[in-house]
Amino acid sequence: MSTETAPRKPLVAQLPAMVMSLIGLALTAAALWRLPEASWGERIWLVAYLAMFAIRLPYTRKTRSNEIEADKSDPADRAALMAVFLTMMILPLVHLGSPFLTVANFALPTWATVVGVLLLPGFLWLFWRSHADLGRNWSPGLELREGHTLVTAGVYARMRHPMYTAIWLFAIAQPLLIHNWVSGLLVVPAFAALYFLRVPKEEAMVRERFGSAYDEYAARTGRIWPSRLT
Ligand code: SAH
């Protein structure tokens, strides 16, 4: 169904998402409560984290009524997505909102934190533009939407995975801002696992749908780094 009036999921089916949202809100409240104890790098990380949600929210709403037509998610992809969710969304908030993870802190020089901060504008801009350009074709998983179109314009004109480029920037910034093995650094191997597992499958899925149009697109673009203008 492509209309805006797609039926809402029954309440029971909405429960897991509601529980996750409540946990997220409680953890964010705890992080804000303990903000005076956070380092300046951690505070800046929290601002970028909240901005990431603000950017994604309207697109999550927009795609809600656009049904999934093909789902190629498999257990490995789902496990990697869960690992990213845990290391990027949950553990940093647990660290900021409680003293439990302080034992796993490490020390970094100030310039490293500054590098982390410098990565954030690029992350936020690319995260926003890739959502705007992908529009109703966006999915958190390996999915094709009803009426899926091949996006080759905007930030997709020169690279095929600008959203993943954006998330790489945030993942690399995280340990530079949150100096902790668990809540800072673990996101790097978690996102690496998701990225390397997913990209070949995602490209195969989109190629299967769009055929030679995708081959031509892939030939003139880079994966996560923009191709040169010719
Ligand atoms: N890998 C892209 C998109 C991430 S969202 C990026 O990093 O920017 C994931 C979904 O986007 C996939 O399930 C796939 O259906 C869709 N997708 C990926 N590339 C696309 C493209 N060029 N046009 C339309 N949809 C695309």
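Condition check ((1) more than 20 Å from VAL206 (Cα to Cα); (2) modelled with pLDDT of 95 or more; (3) in contact with a Cys (Cβ under 8 Å, 6 or more places away or on another chain)) across all residues:
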| residue | (1), (2), (3) |
| --- | --- |
| TRP128 | yes, yes, no |
| ASP133 | no, yes, no |
| SER139 | no, no, no |
| VAL151 | no, yes, no |
| MET159 | no, yes, no |
| PRO162 | no, yes, no |
| THR165 | no, yes, no |
| LEU177 | yes, yes, no |
| LEU185 | yes, yes, no |
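Please find, among LEU150, LEU144, the residue that is in contact (Cβ under 8 Å) with a residue 40 or more places away in the chain, closer than 22 Å to THR165 by Cβ and more than 18 Å from the chain's Cα centre (by Cα).
LEU150
When the stretch 122-135 is filtered for residues that are surrounded by fewer than 17 Cβ atoms within 10 Å (Cβ to Cβ) and in contact with a Phe, Trp or Tyr (Cβ under 9 Å, 6 or more places away or on another chain), the ones remaining, listed by number, are ALA132, GLY135.
When you look at GLU67, is it in contact (Cβ under 8 Å) with a residue 40 or more places away in the chain and acidic (Asp, Glu), yes or no? It is true that GLU67 is in contact (Cβ under 8 Å) with a residue 40 or more places away in the chain and acidic (Asp, Glu). Tallying residues that are near the ligand (Cβ under 6 Å from one of its atoms), surrounded by fewer than 21 Cβ atoms within 10 Å (Cβ to Cβ) and under 28 Å from TYR49 (Cβ atoms) within the stretch 144-162 yields 2. Annotation: of all residues in the stretch 55-84 being part of a helix (DSSP H, G or I) and open to solvent by 70 Å² or more (accessible area, probe 1.4 Å), the one that is nearest to ILE23 (Cα to Cα) is MET82. Of the residues that make up the stretch 115-137, is at least one of a type in the set (D, E, K, R) and touching an Asp or Glu at 6+ places or on another chain (Cβ under 6 Å)? Checked against the condition, which is being of a type in the set (D, E, K, R) and touching an Asp or Glu at 6+ places or on another chain (Cβ under 6 Å), the stretch 115-137 yields no hits at all. When residues in the stretch 38-50 are screened for being part of a helix (DSSP H, G or I) and open to solvent by 30 Å² or more (accessible area, probe 1.4 Å), 5 of them pass. Within the stretch 100-109, not a single residue is surrounded by 15 or more Cβ atoms within 10 Å (Cβ to Cβ), under 20 Å from the mean Cα position of the chain (by Cα) and in contact (Cβ under 8 Å) with a residue 40 or more places away in the chain.
The residues of the stretch 196-212 that are within 10 Å of the ligand (Cβ to nearest atom) and either crowded, with 17+ Cβ neighbours inside 10 Å or of a type outside the set (Lys, Arg) (or both), listed by number, are ARG198, VAL199, GLU202, GLU203, MET205, VAL206, PHE210.
Of all residues in the stretch 15-37, those being closer than 17 Å to MET89 by Cβ and either open to solvent by less than 70 Å² (accessible area, probe 1.4 Å) or touching a Phe, Trp or Tyr at 6+ places or on another chain (Cβ under 8 Å) (or both) number 9.
Looking at the structure I just gave you, is VAL117 among the aliphatic types (A, V, I, L, M) and without any contact (Cβ under 8 Å) to a residue 12 or more places away in the chain? Write out each step before concluding.
On the way: among the aliphatic types (A, V, I, L, M): yes; without any contact (Cβ under 8 Å) to a residue 12 or more places away in the chain: no.
No, not satisfied.
I want to confirm something. Restricting to the stretch 62-95 and keeping residues that are of a type outside the set (A, V, I, L, M) and away from the ligand (no atom under 16 Å from the Cβ), which single residue is farthest from PHE191 (Cα to Cα)?
Quick first cut of the stretch 62-95, residues of a type outside the set (A, V, I, L, M) only: 62-67, 69, 71-75, 77-78, 85, 87, 92, 95.
Next cut, away from the ligand (no atom under 16 Å from the Cβ) only: 65, 75, 87, 92, 95.
Details: SER65: 28, PRO75: 16, THR87: 9, PRO92: 15, HIS95: 19 Å.
Going through the qualifying residues, I end up with SER65.
The values are calculated or read from the model by the stated rules, or taken from the named source; none is laboratory data. Quick caveat, the model's predicted, so the values are computed rather than measured. Cβ atoms come from the backbone with ideal geometry, glycine included; neighbour counts cover every protein chain shown. Side chains are part of the model used for accessible areas, which takes the heavy atoms of the whole protein and leaves out ligands, DNA and RNA. Shrake-Rupley method; radii C 1.70, N 1.55, O 1.52, S 1.80 Å.
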